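The values are calculated or read from the model by the stated rules, or taken from the named source; none is laboratory data. Computed from a predicted model, the values in this text were never measured in an experiment. Cβ coordinates were reconstructed from backbone atoms using ideal geometry, including for glycine residues, and neighbour counts include every protein chain displayed.
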Amino acid sequence: MIQVYEYNHRYELVKPIEVSQVDDEGNYVLPDQCTTIAPPNNPSFYKAAFDVKKQQWYESATQEYIDSLKPAPLPPSDIELLKKQNALLSKQLTQLLAMQKVGASE
């Protein structure tokens, strides 16, 4: 028994399949649209596709597709919001104190 890799009409990886059927000469009978060449594990592909002429796997996913799989950024935590608010208030206070010093010196 061997493992082969099925690909669809666009040559994208569908799934691994175990093949046990052999012909009269003892060779494994591969189903159509299958290869014995395993897709690479590292780096893993987002959307592996098989190049029949070159007999190798390649990345078929667009950058837009890959980006769409990334999780959305988390909203800021309460502590982060308080830090921003504190920084803004500190800046405003510094500006007020500077304006008071200028007014007092006139």
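On the basis of being surrounded by 10 or more Cβ atoms within 10 Å (Cβ to Cβ), within 19 Å of HIS9 (Cβ to Cβ) and hydroxyl-bearing (Ser, Thr, Tyr), does THR36 make the cut?
No, not satisfied.
Looking only at the stretch 51-60, which residues are without any contact (Cβ under 8 Å) to a residue 40 or more places away in the chain and either of a type in the set (Phe, Trp, Tyr) or outside the structural domain of ALA38 (by TED's automatic domain parsing) (or both)?
Once the filter is applied, which keeps residues that are without any contact (Cβ under 8 Å) to a residue 40 or more places away in the chain and either of a type in the set (Phe, Trp, Tyr) or outside the structural domain of ALA38 (by TED's automatic domain parsing) (or both), the stretch 51-60 yields only TYR58.
Only residues in the stretch 61-83 that are under 13 Å from LYS47 (Cβ atoms) count as the first member; pair them with residues that are surrounded by 10 or more Cβ atoms within 10 Å (Cβ to Cβ) and among the charged types (D, E, K, R), Cβ under 9 angstrom, at least 6 apart or cross-chain, and list the lot.
Correct list of pairs: ALA61/LYS47; THR62/LYS47; TYR65/LYS47; ILE66/LYS47; ILE66/GLU59.
This table checks each residue for (1) assigned by TED's automatic domain parsing to the domain that holds GLU6; (2) touching a strand residue (DSSP E or B) at 6+ places or on another chain (Cβ under 8 Å).
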{"site": "CYS34", "(1), (2)": "yes, yes"}
{"site": "TYR65", "(1), (2)": "yes, no"}
{"site": "ILE79", "(1), (2)": "no, no"}
{"site": "ASN86", "(1), (2)": "no, no"}
{"site": "LEU89", "(1), (2)": "no, no"}
{"site": "LEU96", "(1), (2)": "no, no"}
{"site": "VAL102", "(1), (2)": "no, no"}
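Would you mind finding the one in GLN56, GLN63, GLN92, GLN85 that is surrounded by 10 or more Cβ atoms within 10 Å (Cβ to Cβ), closer than 30 Å to PRO16 by Cα and out of contact with any helix residue (DSSP H, G or I) (no Cβ under 7 Å at 6 or more places or on another chain)?
GLN56
Just checking, how many residues over the stretch 24-77 are in a helix (DSSP H, G or I) and more than 22 Å from GLU6 (Cβ to Cβ)?
6
Is it true that some residue in the stretch 66-75 is under 17 Å from PRO16 (Cβ atoms), out of contact with any Phe, Trp or Tyr (no Cβ under 8 Å at 6 or more places or on another chain), at pLDDT below 95 and not charged (D, E, K, R)?
There is no residue in the stretch 66-75 that is under 17 Å from PRO16 (Cβ atoms), out of contact with any Phe, Trp or Tyr (no Cβ under 8 Å at 6 or more places or on another chain), at pLDDT below 95 and not charged (D, E, K, R).
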